[in-house]
1. Quick check: the angle from helix 338-350's long axis to the longest principal axis of the chain, C-alpha only, nearest 10 degrees?
2. Sequence-distant or interchain residues sharing an amide H contact under 5 Å with K304, placed H: which?
3. Which whole-Hz couplings ³J(HN,Hα) result when phi for each residue of the stretch 167-177 is put into the Karplus expression 6.51 cos²θ - 1.76 cosθ + 1.60, θ = phi - 60°, listed in order with x for Gly and Pro?
4. Considering amide H positions built from the backbone, and no H for Pro or chain starts, which residues 5 or more places from R274, or on another chain, come under 5 Å of its amide H?
5. Sort 35-45, 253-263, 16-26 by packing, meaning the average of other beta carbons within 10 Å per residue, with the highest value first.
6. Work out from phi, with θ = phi - 60° and the Karplus expression 6.51 cos²θ - 1.76 cosθ + 1.60, the ³J(HN,Hα) of each residue of the stretch 224-233, listed in order in whole Hz, and give x for Gly and Pro.
7. Rounded to the nearest Å, what's the spacing between the alpha carbon centres of the stretch 151-166 and the stretch 1-40? Just the number, please.
8. How many nm separate the modelled label positions at Y80 and E152, each set 7 Å beyond the Cα in the direction of the Cβ?
Amino acid sequence: MQEIIEVTFYILSGVIILFTLIPLIRHDHWTFRVFEFPRAQKWVLNLLIMLGYILLIGISYPIDFIFVGLLAVNLIYLSYQIYPFLPFSPKQIQSTGKNQKADIKLLISNVYQYNRKFEKLDQLIHENDADLVLMVETDKWWKEKSVESFGEKYPYQVLIDQENTYGMLIFSKFELQNTEVRHLVKKEVPSVVTEIVIKNKNKIKLFALHPEPPVPGENLYSTARDAEILMVGKEVANEILPVIVAGDLNDVAWSYTTTLFQRISRLLDPRRGRGFFSTFHAKYPLFRWPLDHVFCSGHFRVDKMKRLKGIGSDHFPILLDLYLSHIEDNSEQLEVDKDDRETAEEKIQAKE
């Protein structure tokens, strides 16, 4: 019996270490990229395996020191990876001051195209009174329901209904100018760029994205997703206006691609220093990670960030209240170097 326990823990130790190392292989196939997602889960499993090993097997022989040592190193590495997203780590975007109130309230929601519980999202929109609502995976049914329910409240609209799970709807109380619907990588996957005229006639630029995920049955590779994210990042880096990039990026906040996007774009992540705010999968708490994002330039301060209650979708909506400052703060900005730019360009070119 003891031998079975030992072999089991040897296998479990090897598996959790392997799962940590696989994402270091920069391959676009989904079997490599999927292991980037469950970072917190890997940390918990690693800790449980290490404690179980110590309690059930003990540390008596050299092989025990080796396995426990490897698990300890792996735990330290995973701790280093998740640390930026814990509430006690430095905030990448500072919170609002005493007399600073939100200039724009954003509500982002992947509604899940086949979900028909519209009333749940409708209630959240009315309760939170957002200034701008971004919805993805919207078909004609979602468009008609939304326009009928709160279309008058949000006179400025971008309505892209599609039946392929890549529809996108934007409802805004603020005027939208120079709006452009684009198809950066694939003609069936739209994105939107628009200027929002907020209070005091200040303008901010919004990039709304929902790139194609690397999943079996749809696209086995992350090439298209990575290229679209990085194309926007490259464009944003040269933008003069304050910038917000929002949407379901089908990538976690800590992945190699998203981190590279932050370096290239010079944008900041409000999650860093506040928490994971995991939005997917809404129905499976043990398999949950942050896929829905809002990245901002250093012009913004965070008044409130909140994951909202479920709406029947496989994603939770997310709410972010932002204050527009006249002072740009990039003190926590990720550094970019020549290799980052070359890697980003290679990934962008790979789409072709």
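The values are calculated or read from the model by the stated rules, or taken from the named source; none is laboratory data. All values reported here derive from a predicted model rather than from experimental measurement. Cβ coordinates were reconstructed from backbone atoms using ideal geometry, including for glycine residues, and neighbour counts include every protein chain displayed. Note: accessible area is taken over every heavy atom of the protein model, side chains too, but ligands, DNA and RNA are not part of it. Shrake-Rupley method; radii C 1.70, N 1.55, O 1.52, S 1.80 Å.
1. 70 degrees
2. Under 5 Å from the amide H of K304: D321.
3. x, 8, 10, 10, 10, 9, 6, 8, 4, 10, 10
4. none
5. Those peptides, ordered most packed to least, come out 253-263, 35-45, 16-26.
6. Karplus-based 3J(HN,Hα) across the stretch 224-233 equals 5, 4, 4, 4, 5, 4, 6, 4, 5, x Hz.
7. 42 Å
8. Once both label points are built, they end up 5.9 nm from each other.
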